[in-house]
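Remarks on the structure that follows.
The values are calculated or read from the model by the stated rules, or taken from the named source; none is laboratory data. Quick caveat: nothing in here was measured; it's all calculated off a predicted structure. Note that we place each Cβ from the backbone using ideal geometry, even for glycine, and neighbour counts take in every protein chain shown. Ligands, DNA and RNA are stripped out before the accessible areas are found, and what is left, the full protein with its side chains, is counted by its heavy atoms. Shrake-Rupley method; radii C 1.70, N 1.55, O 1.52, S 1.80 Å.
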Amino acid sequence: WPALPAASDPALPAVDARPPLPPRPRVLWYPGFAREDDLRAAWVNAIGHERRHEYREAAGIFESLISRAPEEPHTYWRIARDYAWLAELTPASEVETRARYGTLAMAWADRGLDIDPRCGECCFYKYVGMGRVALSHGLFSSMPWLQQISQTLALCMQNPPSFVHEPWNSELGNF
């Protein structure tokens, strides 16, 4: 048998070498960490709906959680994200429905930005909502507010999203 390489051989990674962990989310609390069983259960239920692509149901649950955690921007951007997905998944022929979901995404994201102007996820989903509205009505009809869309993108670039759902699913990657 050939001799095994020495443990200190620099060509080999350490035995316990692992890929680096993603950065921790900037948000240190959200209802999923709540001590109240019903609040935590509702949060988990909403995430379950999201995983099954039931975004309207998830948004409804998150909206009900706002009264329990009104100062937490995380809940606002989750609602905005759900409406952005609804806009994306609505057939292009349903112009007004797509635009309404995009507008709801922008509105909920704006509410999160009112609480925390540095909320990268809020900014991102405001930008996504703007894009959904713009594409719903056609790019030419969006010309008057292209500067606002551009300014929102610039703001998002200054405060990028940092939340990580799983190591392979980060909001920065989605951005």
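So here's what we get for this one:
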| quantity | calculated |
| --- | --- |
| Some residue of segment 151-161 being open to solvent by less than 70 Å² (accessible area, probe 1.4 Å), of a type in the set (V, I, T) and farther than 21 Å from A58 by Cβ | yes |
| Condition met for R78 (under 16 Å from the mean Cα position of the chain (by Cα) and in a loop (DSSP other than H, G, I, E, B)) | no |
| Any hit, segment 88-105, residues being touching a residue at least 24 places away in the same chain (Cβ under 8 Å), closer than 22 Å to N159 by Cα and open to solvent by less than 10 Å² (accessible area, probe 1.4 Å) | yes |
| Subset of segment 118-150 that is touching a residue at least 12 places away in the same chain (Cβ under 8 Å) and in a loop (DSSP other than H, G, I, E, B) - its residue that is surrounded by the most Cβ atoms within 10 Å (Cβ to Cβ) | C119 |
| Inter-residue pairs, beta-carbon under 6 Å, first modelled with pLDDT under 85 and in segment 37-64, second open to solvent by 30 Å² or more (accessible area, probe 1.4 Å), 6+ apart | L39/R68 |
